[in-house]
Amino acid sequence: MLSSLRLLADIPLFPPAASAQASSIDGLYWFETWVSAIMTLLIFLAIVIFAFKYRREAHPRATQIEGSTKLELGWSIGPFLVMLIMFVWGAKIFFAAQQPPKDAMEVFVTGKQWMWKIQYPDGGREIDELHVPVGRPVKLTMASEDVIHSFSIPAFRVRHDVVPGHYDSLWFTATKPGRYHLFCTEYCGNQHASMMGWVDVLDQKEYAAWRSGAGAQGTLAEAGQRQFEQLGCSTCHLMDQQGRCPNLRGLYMKPVQLDDGRVVIADDAYLRESIIDPNAKIVFGYQPNIMPVFKGQISEEGVIQVIAYIKSLTPSTPASQQGSQQPPIVIAPQANGTMVPESFPSASKAARSSQPQQ
Amino acid sequence: MTHVHIPPVRTLVFVWLALICFTGLTSAVSYLELGWGNIVVALLIAVTKASLVAWIFMGVRYVTTLTKLFVVAGLVWLAIMILLTASDYNTRNWDYRPAPWSSAKSVGGSH
Amino acid sequence: MDASTLGMWTFLITEVLFFGGMFAAYAVYRNMYPQAFASTSVYMNVILGGTNTAVLICSSLTMALSVRAAQLSNRRHLMLFLVLTMIFGATFLVIKGFEYHDKWVEHLVPGFNFRYDEFPKYAHNAQILFFLYFCMTGMHALHMIVGLGLLSYLLVQAGRRMYSANYFAPVEMIGLYWHFVDVVWIFLFPLLYLIGHRR
Amino acid sequence: MATLVANPPPTAPEEPVNYLNVEHTWKSWLFTTDHKRIAVLYILSITFMFFFGGAAAVAFRINLLTPQGIFAAETYNRLFSMHGIIMVFFFLVPSIPATLANFLIPIMVGAKDLAFPRVNLLSWYLYIIGAILAMYSVLRGGVDTGWTFYPPYSSTFSNSYVLSAAFGVFVAGFSSILTGLNFIVTVHKMRAPGMTWSRLPLFVWSNYATGLIQVLGTPVLAITLLLLAFERIAHIGIFDPAIGGDPILFQHLFWFYSHPAVYIMILPGMGVISEIIACFSRKRVFGYNFVAFSSMAIAVLSFVVWGHHMFVTGESVYATLAFSFLSFMVAVPSAIKVFNWTATMYKGSVSFDTPMLYAFGFIGLFTIGGLTGLYLAALGTDVATHGTYFIVAHFHYVMVGGMVMAFLGGMHYWWPKITGRMYSEAWSKFAALIVFIGFNLTFFPQFILGYLGMPRRYHAYPPEFQTLNVLSTAGASILGIGYIIPMIYLIYSLKYGAKAGPNPWGASGLEWQIPSPPTTFNFDVTPTVVEEAYNYGPVEEVIG
């Protein structure tokens, strides 16, 4: 008896709110809950009162009422106005959640049946565990190796599907140290339920201590460099003098002129595609079919590492031969419709004005 | 029963001739390079041909307003499906915020 | 107007949305991969496709003429035009069969023998178009086959003197269906065969 | 309305000829074109499917008693998938349209049958073929994709019997299309003289709107599943990211049908409630025009909101914004209905017969279900609740709390018309209460679980969620009992129930002016309608 009472007392009824977004969503949640409660109560009350007052014994003869356009318009428009508030409020929160701050710390997540693989820029790697510092915006870049997963941290009120074939992202700022659940919320097969993990929010000191323990195997970029060399990318892409392939030094986030006239930004999505399916976009002045297709040869994690390595490559020489080959870069929309998640800042269509830094 | 409208053979043959001509036309136009014009012209011709078939062969011209309404409803729903789906794909890459690394203004618009 | 006409039109609306699902997919991917789609034009036989379009248009004419013959109680003409319609329909299917055969020989069947050596750049994305090509034309051909079955039924019934100016609703209904299948092809032809300019 | 005991079955051999006793051979049932007999065939088939899907639900609710789960993950996944597929496509979609509406629409509009009786029979056979295909999947070991069949899991990764299940749904879809088509044409073409659009019972209006959705939406589901099946067969296809396909396109096409489909499931229920509230308040429905119009508004608006199922998939933010706004729009006509039903009772003469109890239950639960839909239409709160038990609770409040309540209410309301017998009033009221309590106990905890973050489709879960899950399972067992009781007393009433007479409720409407059960052709003479629907007077003047 006593134990069952204790059990009842232990029922959690409301999740912890451990991120900045959690409190803003909770605000809307409570607004909606109050509106719902009041409306439900009103309707229940009306039903009970009418049912009692106009029960057949008390009121044997119904008074026929045709309707009332005024009333009906009222209870069409009134609720709609309240709903408009919810709409605008919800949209505001949602839009804010699409814009990671510039200084957000990047963490890479790969969903795979049935685990979350986490990689940090400093080379730390974990499975089903995510360590983040309190008070610092964290941006997750997420990819899937197989089916659709969905990355969700209820305590942060964040969630985004991880769809195979492109990068998805979300961001948050943890506000309360603690250990929170991390779930996959898109059914992904047999062990879907075991795609659970933990998010550890550490205060700055703890985080620094934890971090110093990690990264023994070198940074993410260093892991990428190992991949880069193992897969034989370095033979062409770093020292090529025969014009077989573009130089990757200083490429990241630069506009790239393609052979069909389009200009794209060399962002994560572009780099990923160029590794997985190099023939999809050919840089102006180069031939297709020279680079091997790495689809199936490299995991999504490996791709993330290689991209980190490419990011780390700084321009070696101020003006390589590529520089003179490239036509002037123009402001042009990315005229392809390739799948680039809209929530991914680097997927911007806006090309910068022409100031090639090579 | 309501009166039956019997189309004259002349009309039917004329429509047939028009359809054949349009088929030739649309094939010919496809060899010109008009950029986005190609698909527009191809679809315009296809819509014209389909309307001819519907209007005369299928007798939409002679049916009641109700049936016409149904036909239109079918097309409207098709449009809803294609346009709303396209609304997702064509706005996914819209840059709704200034790119974080530059002050260039957003470039929007579908293609 | 009677219930059966309204019923048939309602059914055709259903068909519009049935094919519409594939057209929507087509629209999305063509917009996404315009060049890959255009690259497929090399493998599309405009002559055969165009011929088939003409054949179907002819069958639509003869179908319209059979309805007319039924309305005029002209049984001989009705049967003649029904037979002609069926011949055109069968011709369409035979030509379609040749095209499918060519696609198989040229290794253009996604999932079974796809090779796209001429445009390796589009080897991935072009499969989407060929997948849609087979689904759309396949579904269309299936409708043609059903249509041929229905026409045979009409022919048998016409032989039994079932139709006259007093009763020709089945001829009219099946005629509507047949024209609808024609209309679908009218859209398939430019969308599948005439993408991008020829070279 | 007498109790069972008070009225021993009158052994009357001179029972008049009706649609039930006109012929007794198997053939006369399996090849019937009588809409009433087909409705009975449907009632039997969907009831079987309902209990099958319900058994799966009870089984996986038992699994969720403990945080580790009791069954293997595979078993659990197959159970919830079969529950979803069977309940959605083989129970909810045909539930009211194929049974009650099939039985009543021709009578309500004053016709002898539907416009296409043979097509009606065909649609039942298609339903059966679809059901057999789905059951084949089950017997071979089940399908584990969930009822949503999302690729690439369903197309490439699942090792279960996806093809036969998808094909079963495909075939059942055509059954649904043909039913809708039949209703649309019947309402347009078969109305009796004087039965103008503004005199149609609201049940007919709501089923007409349902028919539109069935005809316009279902084919898209059909082609989408077909494309998925081809993709599974060819191991490549347009939803496959390996060749540049987008799995999200499947979701677009799927929800283009499946969102309107939830209105296929709820609109007919709304029609039933309009009838019941009017009858047991002895009053014309408040604002007939608004209620009729709101059905049509729902039918149209339901097609432009599907994107709200995809807010967190990577759908464009702009599309997201539009879909969110439109989703709030579609809430308005539903709200109108709830307010108008409530207002109907004002100054009425309310009695508490069993159908009315279900109607009360419907309004209450549907209100909660509808209001929690607002959390999911709002972009901010959708992110927090998507893919959790919050969604599960929300749609069960609408589908089970709404549609199943309406189905049971309708069955109790028209049971005397369909069978000619009355059921036990005491037992039926008791069952209605049990269903209401069991339902709330099952699903209310799930709202809390959902916001806590418990994901749906988990066979195991963190231990702190156990108490709420145990409550929910306890509710499910009560709910199960609540569904079995009506089965028993309704079957019992077939033999031992009191004779109902043509109009036991003193209701208005053409169906109550003909004998119970009706004769094969409903009316001896085509009726001429001279008055509005719901022309109610005090009850004593009508009951005969």
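If you check D:Pro268 against the conditions, is it in a helix (DSSP H, G or I), closer than 30 Å to B:Leu69 by Cβ and within 13 Å of chain C (Cβ to nearest Cβ)?
The answer is no for D:Pro268.
Say whether the condition of being closer than 27 Å to A:Val158 by Cβ, among the small types (Gly, Ala, Ser) and within 12 Å of another protein chain (Cβ to nearest Cβ) is met by at least one residue in region D:383-402.
Yes.
Would you confirm whether any residue within region A:290-300 is modelled with pLDDT of 80 or more, buried (at least 21 other Cβ atoms within 10 Å of the Cβ) and under 25 Å from the mean Cα position of the chain (by Cα)?
Checked region A:290-300: at least one residue is modelled with pLDDT of 80 or more, buried (at least 21 other Cβ atoms within 10 Å of the Cβ) and under 25 Å from the mean Cα position of the chain (by Cα).
Report yes if C:Phe88 is part of a helix (DSSP H, G or I), exposed (fewer than 15 other Cβ atoms within 10 Å of the Cβ) and of a type in the set (A, V, I, L, M, F, W, C), otherwise no.
Numbers: part of a helix (DSSP H, G or I): yes; exposed (fewer than 15 other Cβ atoms within 10 Å of the Cβ): no; of a type in the set (A, V, I, L, M, F, W, C): yes.
For C:Phe88, the condition - part of a helix (DSSP H, G or I), exposed (fewer than 15 other Cβ atoms within 10 Å of the Cβ) and of a type in the set (A, V, I, L, M, F, W, C) - is not met.
Could you tell me which numbered condition D:Met195 fails, if it satisfies all but one of (1) more than 8 Å from every other protein chain (Cβ to nearest Cβ); (2) touching a helix residue (DSSP H, G or I) at 6+ places or on another chain (Cβ under 6 Å); (3) assigned to a helix (DSSP H, G or I)?
Going through the list (1) more than 8 Å from every other protein chain (Cβ to nearest Cβ); (2) touching a helix residue (DSSP H, G or I) at 6+ places or on another chain (Cβ under 6 Å); (3) assigned to a helix (DSSP H, G or I), D:Met195 breaks only (3).
Sort out which residues of region C:128-144 are aliphatic (A, V, I, L, M) and farther than 18 Å from C:His107 by Cβ, and write them in order of number.
C:Met136, C:Met139, C:Ala141, C:Leu142, C:Met144
Out of everything in region B:49-70 that is in contact with a helix residue (DSSP H, G or I) (Cβ under 6 Å, 6 or more places away or on another chain) and facing chain C (nearest Cβ under 7 Å), what residue ends up being farthest from C:Ile174 (Cα to Cα)?
Checked region B:49-70; the qualifying residue farthest from C:Ile174 (Cα to Cα) is B:Lys49.
Please determine whether any residue of region D:79-96 is over 23 Å from D:Leu181 (Cβ atoms) and β-branched (Val, Ile, Thr).
Yes.
Let me confirm something: among B:Ser106, B:Ser110, which residue is at pLDDT below 85 and either crowded, with 17+ Cβ neighbours inside 10 Å or within 9 Å of chain C (Cβ to nearest Cβ) (or both)?
B:Ser110
Determine whether region D:224-237 contains at least one residue that is under 26 Å from D:Leu510 (Cα atoms) and of a type in the set (Ser, Thr, Tyr).
Checked against the condition, which is being under 26 Å from D:Leu510 (Cα atoms) and of a type in the set (Ser, Thr, Tyr), region D:224-237 yields no hits at all.
Out of (1) among the basic types (Lys, Arg); (2) within 14 Å of another protein chain (Cβ to nearest Cβ); (3) touching a residue at least 40 places away in the same chain (Cβ under 8 Å); (4) loosely packed, with under 14 Cβ neighbours inside 10 Å, what's the single condition that is false for C:Arg115?
(3)
Checking the condition exposed (fewer than 13 other Cβ atoms within 10 Å of the Cβ), polar (S, T, N, Q) and over 16 Å from C:Val16 (Cβ atoms), which residue from B:Thr91, B:Thr65 passes? Before the answer, list the steps.
Working: B:Thr91 fails: exposed (fewer than 13 other Cβ atoms within 10 Å of the Cβ).
Step by step, each of B:Thr91, B:Thr65 is checked, and only B:Thr65 is exposed (fewer than 13 other Cβ atoms within 10 Å of the Cβ), polar (S, T, N, Q) and over 16 Å from C:Val16 (Cβ atoms).
Would you mention how many residues in region B:23-40 are at the interface with another protein chain (Cβ under 9 Å from one of its Cβ atoms) and not charged (D, E, K, R)? Reasoning before the result, please.
First, pick out the residues of region B:23-40 that are at the interface with another protein chain (Cβ under 9 Å from one of its Cβ atoms): B:23-24, B:26-27, B:29-34, B:38-39.
Filter again for not charged (D, E, K, R), leaving B:23-24, B:26-27, B:29-32, B:34, B:38-39.
Total satisfying the criteria: 11.
State the number of residues belonging to region C:154-194 that are in a loop (DSSP other than H, G, I, E, B) and crowded, with 21+ Cβ neighbours inside 10 Å.
So in region C:154-194, the residues in a loop (DSSP other than H, G, I, E, B) come out as C:160-163, C:165-166, C:168, C:194.
In the following step, the residues that additionally are crowded, with 21+ Cβ neighbours inside 10 Å were identified as C:163, C:168, C:194.
Number satisfying all stated conditions: 3.
Hey, can you tell me all the residues within region C:2-13 that are hydroxyl-bearing (Ser, Thr, Tyr) and at the interface with chain B (Cβ under 8 Å from one of its Cβ atoms)? If you could, list the steps in order and put the result at the bottom.
Within region C:2-13, the first condition is being hydroxyl-bearing (Ser, Thr, Tyr), and the residues that meet it are C:4-5, C:10.
Residues satisfying the conditions are C:Thr5, C:Thr10.
Within region D:427-469, can you find the residues that are within 8 Å of another protein chain (Cβ to nearest Cβ), among the aromatic types (Phe, Trp, Tyr) and more than 23 Å from D:Thr75 (Cα to Cα)?
The one that is within 8 Å of another protein chain (Cβ to nearest Cβ), among the aromatic types (Phe, Trp, Tyr) and more than 23 Å from D:Thr75 (Cα to Cα): D:Tyr451.
Here's the yes/no breakdown for (1) part of a helix (DSSP H, G or I); (2) more than 9 Å from chain B (Cβ to nearest Cβ); (3) at pLDDT 95 or above:
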{"site": "C:Asn31", "(1), (2), (3)": "yes, no, no"}
{"site": "C:Thr40", "(1), (2), (3)": "yes, yes, no"}
{"site": "C:Ile57", "(1), (2), (3)": "yes, no, yes"}
{"site": "C:Lys96", "(1), (2), (3)": "yes, yes, yes"}
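Output the residues belonging to region D:212-252 that are touching a residue at least 40 places away in the same chain (Cβ under 8 Å) and within 7 Å of chain C (Cβ to nearest Cβ).
D:Leu216, D:Pro219, D:Ala222, D:His235, D:Gly237
Any residue at all in region C:3-22 that is crowded, with 20+ Cβ neighbours inside 10 Å, under 25 Å from B:Gly35 (Cβ atoms) and within 20 Å of the chain's Cα centre (by Cα)?
Scanning region C:3-22, I find no residue that is crowded, with 20+ Cβ neighbours inside 10 Å, under 25 Å from B:Gly35 (Cβ atoms) and within 20 Å of the chain's Cα centre (by Cα), so the answer is no.
Restricted to region D:303-321, and to residues that are small (Gly, Ala, Ser) and in a helix (DSSP H, G or I), which residue is farthest from the other protein chains (Cβ to nearest Cβ)?
Result: D:Gly307.
Could you please let me know if A:Val163 is farther than 30 Å from D:Asn159 by Cα, crowded, with 19+ Cβ neighbours inside 10 Å and aliphatic (A, V, I, L, M)? Break it down into steps so the answer makes sense when it comes.
Details: farther than 30 Å from D:Asn159 by Cα: no; crowded, with 19+ Cβ neighbours inside 10 Å: yes; aliphatic (A, V, I, L, M): yes.
Taking the combined requirement at face value, the residue does not satisfy it.
Return a yes/no flag: does region D:501-515 have any residue that is of a type in the set (Asp, Glu), part of a helix (DSSP H, G or I) and within 28 Å of A:Arg56 (Cα to Cα).
The answer is yes; a qualifying residue exists.
Looking at D:Phe290, is it modelled with pLDDT under 95 and either more than 8 Å from every other protein chain (Cβ to nearest Cβ) or in a helix (DSSP H, G or I) (or both)?
yes
Go through (1) within 30 Å of A:Val35 (Cα to Cα); (2) surrounded by fewer than 18 Cβ atoms within 10 Å (Cβ to Cβ); (3) in contact (Cβ under 8 Å) with a residue 24 or more places away in the chain one by one and return the number of the condition A:Lys92 breaks.
Checking A:Lys92 against (1) within 30 Å of A:Val35 (Cα to Cα); (2) surrounded by fewer than 18 Cβ atoms within 10 Å (Cβ to Cβ); (3) in contact (Cβ under 8 Å) with a residue 24 or more places away in the chain, the one that fails is (3).
Can you tell me which residue is nearest to the other protein chains (Cβ to nearest Cβ) among those in region C:42-55 that are hydroxyl-bearing (Ser, Thr, Tyr) and under 30 Å from C:Met79 (Cα atoms)?
Here is the first cut: in region C:42-55, the residues hydroxyl-bearing (Ser, Thr, Tyr) are C:43, C:51, C:53.
Imposing the further condition that a residue be under 30 Å from C:Met79 (Cα atoms) reduces the set to C:51, C:53.
Numbers: C:Thr51: 10, C:Thr53: 5 Å.
Only one residue tops the list, namely C:Thr53.
The values are calculated or read from the model by the stated rules, or taken from the named source; none is laboratory data. In this text the structure is predicted, and so the values were computed from the model without any measurement. Note that each Cβ is placed from the backbone with ideal geometry, even for glycine, and that neighbours are counted across all protein chains shown.
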